[in-house]
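The values are calculated or read from the model by the stated rules, or taken from the named source; none is laboratory data. All values reported here derive from a predicted model rather than from experimental measurement. Here the Cβ positions follow ideal geometry from the backbone for every residue, glycine too, while neighbour counts run over all protein chains shown. Note: accessible area is taken over every heavy atom of the protein model, side chains too, but ligands, DNA and RNA are not part of it. Shrake-Rupley method; radii C 1.70, N 1.55, O 1.52, S 1.80 Å.
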Amino acid sequence: MTVDVLAIAAHPDDVELTCGGTLIKMAKRGYKTGVLDLTAGEMGTRGTVETRAKEADKAAKLMGLSYRGVLGVPDSDVQASRQHKLRLAEKIRELRPRTVIIPYWEARHPDHYNASTLGYEGCFLAGLKNLPALGEAYRPHKILYSTAFAQHLRPSFVVDITPHYERRDRKSVV
C-alpha cells in the first residue's frame, strides 16, 4: 500500500491532537492518508495499550485514513537509534508517501522531540539506494512539521480546517 500523506508521531493520539484536521481535509480531497505511531503508548498514564488501539482504530475511521500502523518502538525509548531508523526507513519505502508530517523538534516530552529527529532521519535514509534495508530506495518529496505542541512558534503556514473541525474534534470514546 502507498499513501500520499503520512503523519508520524510518537504515540497514538498525538496526530489527532496536532494534524488530524489536515489529514481529514486531505482525505476529503481524495488523497490517500496515513498515520504511523512509533509506539503503542504503553507507558501512558491514562488507558491501556488495548484501549489506545481501539481509540486509534476509531480515529482512523473518523479521519478517513487509508493506513494506520504502529512501528513498534518501545514507549519512552523513542530515539534516532540505527535500529529504529532502519525500521522507519523500511516503512517509508513501503508506504512511499509524497509528504510526511512529523512533530516539531522542540517539545516538553522527550518522545515527541525525538520522534522529530527519528522521522527526519528515517525519511533521509529511506532514499539511500545502498542502505541495507528492505524495499526500493525512496525519499519523500516534502517534510512538514506539526507545531501544535510548540505553541511559542509562529507557523510558516496554516491549514484551514474550519469545514472539518467538527469531525476532527469528535471524541474517540470506545
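Please determine whether any residue of the range 126-141 is outside any loop (DSSP other than H, G, I, E, B), open to solvent by 30 Å² or more (accessible area, probe 1.4 Å) and at pLDDT 95 or above.
Let us first name the residues in the range 126-141 that are outside any loop (DSSP other than H, G, I, E, B), namely 126.
Filter once more, so that each one left must be open to solvent by 30 Å² or more (accessible area, probe 1.4 Å): none.
No, the range 126-141 has no match at all.
Do we have Glu50 as assigned to a helix (DSSP H, G or I), surrounded by 16 or more Cβ atoms within 10 Å (Cβ to Cβ) and of a type in the set (Asp, Glu) here?
In short, no.
Evaluate the range 105-122: report whether one residue or more is open to solvent by less than 50 Å² (accessible area, probe 1.4 Å), of a type in the set (A, V, I, L, M, F, W, C) and modelled with pLDDT of 95 or more. Write out each step before concluding.
Taking the range 105-122 as the starting set, the residues that turn out to be open to solvent by less than 50 Å² (accessible area, probe 1.4 Å) are 107, 111-112, 114-116, 118-119, 122.
Checking which are of a type in the set (A, V, I, L, M, F, W, C) leaves us with 107, 115, 118.
Filter again for modelled with pLDDT of 95 or more, leaving 115, 118.
Yes, the range 105-122 contains a residue that is open to solvent by less than 50 Å² (accessible area, probe 1.4 Å), of a type in the set (A, V, I, L, M, F, W, C) and modelled with pLDDT of 95 or more.
Please list, ordered by first then second residue, the pairs with beta carbon atoms under 7 Å, 6 or more apart or interchain, first in the range 15-35 and touching a residue at least 40 places away in the same chain (Cβ under 8 Å), second surrounded by fewer than 24 Cβ atoms within 10 Å (Cβ to Cβ) and among the aromatic types (Phe, Trp, Tyr).
Taking only residues 6 or more apart or on different chains, the pairs are Thr18/Phe149; Gly21/Tyr165; Gly34/Tyr67.
Identify, from the list His112, His141, the residue that is under 15 Å from His11 (Cα atoms) and touching a residue at least 24 places away in the same chain (Cβ under 8 Å). Explain how you work it out, then say what you get.
Working: His141 fails: under 15 Å from His11 (Cα atoms).
Result: His112 is the single residue among His112, His141 that is under 15 Å from His11 (Cα atoms) and touching a residue at least 24 places away in the same chain (Cβ under 8 Å).
Is there a residue being of a type in the set (Lys, Arg) and surrounded by 17 or more Cβ atoms within 10 Å (Cβ to Cβ) anywhere in the range 57-64?
Restricting attention to the range 57-64, the residues satisfying the condition of being of a type in the set (Lys, Arg) are 58, 61.
Cutting the leftovers down to surrounded by 17 or more Cβ atoms within 10 Å (Cβ to Cβ) gives us none.
No, the conditions are met nowhere in the range 57-64.
Considering only residues that are among the charged types (D, E, K, R) and over 18 Å from Lys142 (Cβ atoms), look in the range 1-30 and name the one that is most open to solvent (accessible area, probe 1.4 Å). Steps first, answer last, please.
Within the range 1-30, the subset among the charged types (D, E, K, R) is 4, 13-14, 16, 25, 28-29.
Of the ones still in play, those that are also over 18 Å from Lys142 (Cβ atoms) are 13-14, 16, 28.
On the way: Asp13: 67, Asp14: 10, Glu16: 36, Lys28: 133 Å².
Only one residue fits best here, namely Lys28.
Being buried (at least 19 other Cβ atoms within 10 Å of the Cβ) and of a type in the set (Lys, Arg) is the filter here; which residues of the range 69-86 pass it?
Once the filter is applied, which keeps residues that are buried (at least 19 other Cβ atoms within 10 Å of the Cβ) and of a type in the set (Lys, Arg), the range 69-86 yields only Lys85.
Gly64 - would you say it is farther than 13 Å from Ala115 by Cα and under 12 Å from the mean Cα position of the chain (by Cα)?
Working: farther than 13 Å from Ala115 by Cα: yes; under 12 Å from the mean Cα position of the chain (by Cα): no.
So Gly64 fails the test.
Which residue pairs have Cβ atoms closer than 7 Å, lie 6 or more positions apart in sequence or on different chains, and pair a first residue in the range 66-91 that is more than 12 Å from Asp111 (Cβ to Cβ) and assigned to a strand (DSSP E or B) with a second residue that is at pLDDT below 95 and open to solvent by 40 Å² or more (accessible area, probe 1.4 Å)?
Tyr67/Met1
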